[in-house]
Amino acid sequence: MFAPEGIKLIAGGAAAILFGAVLCFWSKWVGTPLLALGAAAALFSAYFFRDPARDKVFAPAEIACPADGTVLSVGIEKDPEIIVVRVFLSIFNVHVQRSPMDGKVESVAYSKGKFAVAYKPEAGENARNMIMITGEQGRFAQVEQITGAIARRIAAYVKAGDAVRISDRIGMIYFGSQVAVYLPKNTRVLVRPGEKVYGAETVLGLW
């Protein structure tokens with residue numbers, strides 16, 4: 001399965017392969033480079049935009065990790081009532097984000113910004129998309145999609161008012177990037193910096 005954003009790119013690469021193969025009958029010097037470029041584009045797009053099925057069943061007290069990647073940091077940042085978990089996504093990670101909880105999307109807000117490398121402190125000023133989800137018993141989670149030096153586009157699959165279930169797909173970031181998760185301070189976070197995590201598979205924490 002592939003993310004919607006990648007289907008056109010995969011199809012474009014496939015079309016280049018076909019066109020290159022046809023040209024090879026006329027001139028291998030012309031057709032072969034196009035065929036090779038099309039194959040490379042199609043294969044890379046298929047790999048990067050892959051969207052594997054994730055069917056883990058979470059317990060009621062568990063919070064799902066919203067992204068694949070490596071944990072950069074865990075801790076209190078600006079708001080003493082909120083704990084933040086930051087995950088870095090390299091180009092080799094799945095880039096689809098998923099809901100960490102059952103609830104309702106309260107807001108989706110995009111902010112313009114820079115395009116610094118996603119794992120550096122300067123990424124705090126990058127362009128971003130903030131998805132706010134609220135649930136029962138005062139629970140909430142904010143999933144922040146942050147661009148990187150290469151990433152230039154963020155896709156949100158949800159809008160304010162939508163109901164989401166834990167592990168539902170909520171968005172995607174193009175290429176290397178960062179995802180930050182904002183949770184209540186009393187959340188028991190189970191991941192640590194340097195740990196590899198997987199969206200809709202890793203238990204990020206407990207309510």
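Odds and ends about this structure:
- Near pairs, Cβ below 7 angstrom, 6+ apart or cross-chain, from the stretch 84-95 (part of a strand (DSSP E or B)) to any residue that is polar (S, T, N, Q): Arg86/Ser73; Arg86/Gln178; Val87/Thr70; Val87/Gln178; Phe88/Thr70; Phe88/Gln178; Leu89/Ser177; Leu89/Gln178
- Tally of residues being within 17 Å of Asn93 (Cβ to Cβ), out of contact with any His (no Cβ under 8 Å at 6 or more places or on another chain) and surrounded by 20 or more Cβ atoms within 10 Å (Cβ to Cβ) across the stretch 170-195: 7
- Output for the stretch 98-129, where each listed residue is at pLDDT 95 or above and either touching a Leu at 6+ places or on another chain (Cβ under 9 Å) or of a type in the set (Lys, Arg) (or both): Arg98, Pro100, Lys104
- For the stretch 130-137, the criterion of a residue being closer than 20 Å to Glu201 by Cβ, at pLDDT below 95 and outside any loop (DSSP other than H, G, I, E, B) is satisfied by no position.
The values are calculated or read from the model by the stated rules, or taken from the named source; none is laboratory data. In this text, all values refer to a predicted model and were calculated from it rather than measured experimentally. Here Cβ is always computed from backbone atoms with ideal geometry, including for glycine, and neighbour counts include all displayed protein chains.
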